[in-house]
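Input: a single structure, listed below in structure tokens.
Read the figures in this text as sums done on the coordinates, not as results from a lab. Quick caveat: nothing in here was measured; it's all calculated off a predicted structure.
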Amino acid sequence: MPYLAHTGHSQLLALWLSCIGCTLTAVSLGLIQWRVWLVSDREVISSGVAWVGVFRACFNSHTLVTPGYRVMHCRFISLMEDFTPPEIVAGQGKSSPIRLTFLTSGALCLMAAIMSLTPLLWNLNSVVTNQTITFPPEFKLPPTPDSQHVGRGIWVGLVGTSFMIVSGIIFCTYRLPVRSATRAETVTGSRGAAGGKDNPAFEFHEH
């Protein structure tokens, strides 16, 4: 039987690609540059450029500045607002494909970790209890060693399995951010104090 190390190059590449793909997908959710809007009225949007992301809409302004930023004004896009377009809802909804992708990735990581732990712990136990192996004569190995200890292969495998368990838990427990009422009131109050004008393309409907 051919060794897996000699035939599993494409599978290893697929694993790395999946890790990179999941990382880039998670990063993209936090970026605001999903849609770039160019506007001619620069009274409030000083640069004439606004960015609309899955969770926030932001622009640079000299009159409206969100607390925590120097020259940027940002508003959170709520999932339940009437103006939120379906493509934004699909990006931040709890039943969205992105959420399902993370759950699937987490489940697969945990399954892989469990399958990896079985031979690792089994061999670890065999080393601790000094189990023997009856090799055939062509191996030129004695059936019983004078002593044996755990090799680096088991330790590396245990570390890798631990990483898979942690990553699986992180994937499975991922929750999309929820806009808090306190943050919304803070942003709304700062906007009113600054004396700027509302931009209906980016502001929430006030209730």
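Values computed for the structure shown
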item: Å³ per residue enclosed by the Cα convex hull of region 54-175; result: 194
item: Cα centroid of region 121-175 to Cα centroid of region 34-75, whole Å; result: 55
